[in-house]
Structures are given as C-alpha cells and as structure tokens.
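Read through the structure below, which is laid out as structure tokens, and then see the notes.
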Amino acid sequence: MKRSKQSRKGSTQPLKIVMISQDSMSRSEFARTLAKTKNETENLGGISLNGYSIVGDGTTANVGGVLTGWNELKSGTPGYPLYEGRTGFPGSRILDGWPWIMKQFKEAGFVTAGHLGDSSAILPFAMRLKGLKTSPFDHDISPYFYHRENKKHCNVGLHRSQVVLKFVNQFLKAYNDLPLFYYSHSATLSHAEW
C-alpha cells in the first residue's frame, strides 16, 4: 500500500485496482514461466503481493481469504464474520451475504468487475461451498465463460485468458474517469486437466 499511495500523490486520476490471480501457480512459478507478463505488469506499475502467504489448503481457502479477509473453514463459528457456507453443514446458505471486498469497493464508490472462475467445473466457491446466487461485481464475465463451455476453450478465436485481458482493458477504458476495482481468478491455464 505504501507504493500505491506514493504513486497516487498529486494524481488527478481516480484509483484503479486490478487483481489477477492464476490458480495453482506460485509467485515464483509466475516469475519463471511468465517472465514477460511479470515484467510488463511491473512496467505498468503493478505491485506483487510479496509476503502474501497461503491461508489454507486449496483455492477456496486462499481466494476466499483475499476476497473476504477471513478463513472459510471457520465459517459458522459463533462470533465469526462468515456465516456457515460449507455444503453439508447445518444452517449452511449461499455466500451472497459474506463480506466480499467487491461490496466494500462498491460502497466506496468504485465500479467493480471481474470473475471468480473461468470454468464452472472448478469454481472456488461452488465446490465445497454453497456458491453465490448474485454476482458481487457490477460487471461479471463469468456467464460468458459458462455459456461457451461446450465450445471448449476457444472464444471467438481467443483463449479464455485472452478474453479476460480484453475484458479488463475494455472495462478500464469504459470507466476511465471513475475509481475501479477488477478481480479475476482463472484456472484454465494452470490446472492439469486443461
């Protein structure tokens, strides 16, 4: 955050936050296998979450930790901010009421966009959790991916990862004069079955 504040000092442009996570890929692996992407991200002023460590086992725990600030395995514990959302647990319900960071950004006047997974087969919040009924984003690209799943991974001649990058670029241009928050979680590039 220190670097972010310094780069904003004196700026008249609204704050734009773009977070892109890739399933099953460590920061070290990202630096090795996607070196050009890493360098371009840094050239654009991107900040790596150095010091971020895993919250729990698997995607759900870690993405959930980033997006809510809490550990989903403790959901349902009396006094804990996350109500029970795990499948098979008494009183479990859909996750729309969890304290998603996207909702906090909306309340602060940001326009939000993104997706929580690019494949319905491996969604981080719909495997062992009840999932969401309503998108936490103002603009959610997920329905596009799910509709196109019978077309494999080709979307108008583009891989899903390219569709995500086009979407974020269009989002940034469309709302250039407003504060923005974008979050993307993709799995199709890094999961073994893809």
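For region 46-65, taking the residues that are open to solvent by 40 Å² or more (accessible area, probe 1.4 Å) and either within 17 Å of Val168 (Cβ to Cβ) or not β-branched (Val, Ile, Thr) (or both), the one that is modelled with the highest pLDDT is identified as Ile47. If you go through region 77-91 and keep only what is in contact with a Leu (Cβ under 8 Å, 6 or more places away or on another chain) and surrounded by 14 or more Cβ atoms within 10 Å (Cβ to Cβ), you end up with Gly85, Arg86.
The values are calculated or read from the model by the stated rules, or taken from the named source; none is laboratory data. Source: prediction; values computed, not measured. Cβ: placed from backbone, ideal geometry, glycine included. Neighbour counts: every protein chain shown. Calculation scope for accessible area: heavy atoms of the full protein, side chains included, ligands and nucleic acids excluded. Shrake-Rupley method; radii C 1.70, N 1.55, O 1.52, S 1.80 Å.
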